[in-house]
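Following: one structure in structure tokens, then a few remarks.
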Amino acid sequence: MMEDLSSYPLELGGPNIPMVRFMKVRKSYGDLIVLDNLNLDIAASEMVTIIGPSGSGKTTVLRMLMTLETINGGVIYVDGKPLTHMPQNGVLVPADARYLRKARSSIGMCFQHFNLFPHMTAIQNCMEGPVLVLGLSRREAQERAEELLVMVGMIDKKDQHPSRLSGGQQQRVAIARALAMRPKVMLFDEVTSALDPEVIGEVTNVIKDLVFKHRLTMLMVTHQMGFARDISDRVCFFYGGKIEEQGSPAELFSNPKSKRTQQFLSAVKAAD
Amino acid sequence: MKWDFAFTAEILPKMLWATGNTLLAAGMGYAIAAVIGLLFALAQRTPLRILTYITREIVEFIRSTPLVLQIFFVYYVGPEYGLYLSPWVAGMIAIGLHYAAYLSEVYRGGIESVPKGQWEACTAINLTTMQTYRRIVLPQALPPAIAGMGNYLVAIFKDTPILSVIGVAELMQAANAVGGQNYRYLEPYTMVGVIFLVISLTSARAIRWFEATVRRKLGMQ
Ligand SMILES: Nc1ncnc2c1ncn2[C@@H]1O[C@H](COP(=O)(O)OP(=O)(O)O)[C@@H](O)[C@H]1O
Ligand SMILES: [Mg+2]
């Protein structure tokens, strides 16, 4: 059955338009409902962290926003405009490939397993999108890539292929590659989970830098509670495809209201 | 019967000229197969289900019937429908399509060996599907496909004698003609064998070297 989309606005109006809005979003794989009626707003320049047990739908939230997954209900808006849908004859209809391509240009994403292009050097990884998609000259793209590689501390290794880099180094290049596309919203999906403990810091420091020096909107999934507490404006605890509880890091970590949040946090603490 | 060196020397130029034709036939047939094979492989990956289905059936059909039949079909049945082709053109179409079917499977294997995360990274930096294939997927699909592609290059070369059945002037055809005129088959057929052996072995080596070089150039070990 097709959802009636007439109740969704073609554009968000009024003051305080959020950078991202999930509006009654539903996602399922066959019979398995992964996210049910998700409503979540992220303000411009806000850093929101998602925590929760494995399988609670955290990755799926980011993948939907990156348009790697289609949604089964509701609408996602980015910067006031629909992302998953497009206006047609005064109503929203599912976005076609062309619309999606334009709409997703304001989103960037870093993955748990980096997904760098193995046949390209670090700097080539960071130049590919700017040259092919943004239409920059090679020279401009190179300058931008070098600036970003300096920022993530990888300029010394700019001519190395990913196979010659450690996990932490690869992830820093991946962050530079995403930033080179000048996204308004950055997504981080457990970017330190595949790393050896001793190099986690070099990646989290880069992200901290981004939070404090740049006005990017960010949505991050992490298992590192200390890191989440340090840098988030807001923390959302997901459980069973729903936001069980959300609040400022101080509230959520020090004074969780929901029983499930308490259980999760004490289990994580015990494991550390 | 003793080996006749004078006769060998006499027919050598003719045999070498025919070797040139054999290499040309193999090279052109392979070029056609390489391009059409890629189209077959990509057609099976489009969201259009019907295109995938039809392509898969064509590939299966070609792989399940003998090459010699396909050559006869293009050359002798074509004219019944007003399609008159020279032996060369008919032979190249038949052998090109035949090996395209096999190469498409090699390409498919190579493309499928590229991890899903690579496609997702391409979406995340907003490359088009074309750009994704051209810049990211196909370069990574190449190294694992080279060995299989090389095997079929040698195979197509060894299959070129079949073209003699429709009169393409390749090595086998030349050996038959020389043998028939002189009532001596030992030297021409032996020469065909030696020429095939040398070229096959050399190609196999060259392909291994090429694979190693490509992997190194792409920074993939
Ligand atoms: N492609 C898929 N097909 C079927 N089920 C999936 C797929 N991707 C994720 N899921 C399921 O969706 C649920 C949420 O997954 P995910 O968002 O990855 O959770 P998390 O990141 O919180 O661990 C899980 O039950 C998972 O098994
Ligand atoms: Mg996950």
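Out of A:VAL25, A:VAL34, A:VAL61, A:VAL48, one residue alone is closer than 28 Å to A:GLY240 by Cβ, of a type in the set (Val, Ile, Thr), assigned to a helix (DSSP H, G or I) and open to solvent by less than 70 Å² (accessible area, probe 1.4 Å). It is A:VAL61.
Among the candidates B:ALA147, B:ALA174, B:ALA121, the residue that is of a type in the set (A, V, I, L, M) and touching a strand residue (DSSP E or B) at 6+ places or on another chain (Cβ under 9 Å) is uniquely B:ALA121.
For region B:177-194, the condition holds for at least one residue, the condition being that it is of a type in the set (Ser, Thr, Tyr), surrounded by fewer than 16 Cβ atoms within 10 Å (Cβ to Cβ) and in a helix (DSSP H, G or I).
Would you check if A:GLU251 is free of Cβ contacts under 8 Å to residues at least 12 places away in the same chain and either open to solvent by 50 Å² or more (accessible area, probe 1.4 Å) or not in a strand (DSSP E or B) (or both)? Yes: the conditions hold for A:GLU251. A:LEU83 falls short on exactly one of the conditions (1) surrounded by 19 or more Cβ atoms within 10 Å (Cβ to Cβ); (2) in contact (Cβ under 8 Å) with a residue 40 or more places away in the chain, and that condition is (2). Scanning region B:162-176 for residues that are open to solvent by 30 Å² or more (accessible area, probe 1.4 Å) and assigned to a helix (DSSP H, G or I), we see that the one that is nearest to B:MET220 (Cα to Cα) is B:ILE162.
Of everything listed in (1) without any contact (Cβ under 8 Å) to a residue 60 or more places away in the chain; (2) surrounded by 23 or more Cβ atoms within 10 Å (Cβ to Cβ); (3) more than 16 Å from ligand 1 (Cβ to nearest atom), the single unmet condition for A:LEU116 is (1). Among the residues of region B:121-144, just one is open to solvent by less than 10 Å² (accessible area, probe 1.4 Å), within 18 Å of B:GLY219 (Cα to Cα) and at the interface with another protein chain (Cβ under 7 Å from one of its Cβ atoms), namely B:ILE136.
Every residue, every condition in (1) at pLDDT 95 or above; (2) crowded, with 18+ Cβ neighbours inside 10 Å; (3) not in a helix (DSSP H, G or I), yes or no:
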residue: A:ARG177; (1), (2), (3): yes, yes, no
residue: A:PHE188; (1), (2), (3): yes, yes, yes
residue: A:GLU198; (1), (2), (3): no, no, no
residue: A:PHE212; (1), (2), (3): no, no, no
residue: A:MET218; (1), (2), (3): yes, yes, yes
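In the set A:ARG26, A:ARG21, only one residue is under 25 Å from A:ARG215 (Cβ atoms), among the basic types (Lys, Arg) and away from ligand 2 (no atom under 16 Å from the Cβ); that residue is A:ARG21.
Note on region B:27-54: residues that are assigned to a helix (DSSP H, G or I) and more than 19 Å from the chain's Cα centre (by Cα) amount to 7. Could you tell me whether region A:217-226 includes any residue that is of a type in the set (Gly, Ala, Ser), touching a residue at least 24 places away in the same chain (Cβ under 8 Å) and either away from ligand 2 (no atom under 15 Å from the Cβ) or within 14 Å of chain B (Cβ to nearest Cβ) (or both)? Within region A:217-226, not a single residue is of a type in the set (Gly, Ala, Ser), touching a residue at least 24 places away in the same chain (Cβ under 8 Å) and either away from ligand 2 (no atom under 15 Å from the Cβ) or within 14 Å of chain B (Cβ to nearest Cβ) (or both).
The values are calculated or read from the model by the stated rules, or taken from the named source; none is laboratory data. Here the structure is a predicted model, which means the values were calculated and not measured. Glycine gets a Cβ as well: all are built from the backbone with ideal geometry, and neighbour counts include every protein chain shown. SASA here: full protein model, heavy atoms, side chains in, ligands and nucleic acids out. Shrake-Rupley method; radii C 1.70, N 1.55, O 1.52, S 1.80 Å.
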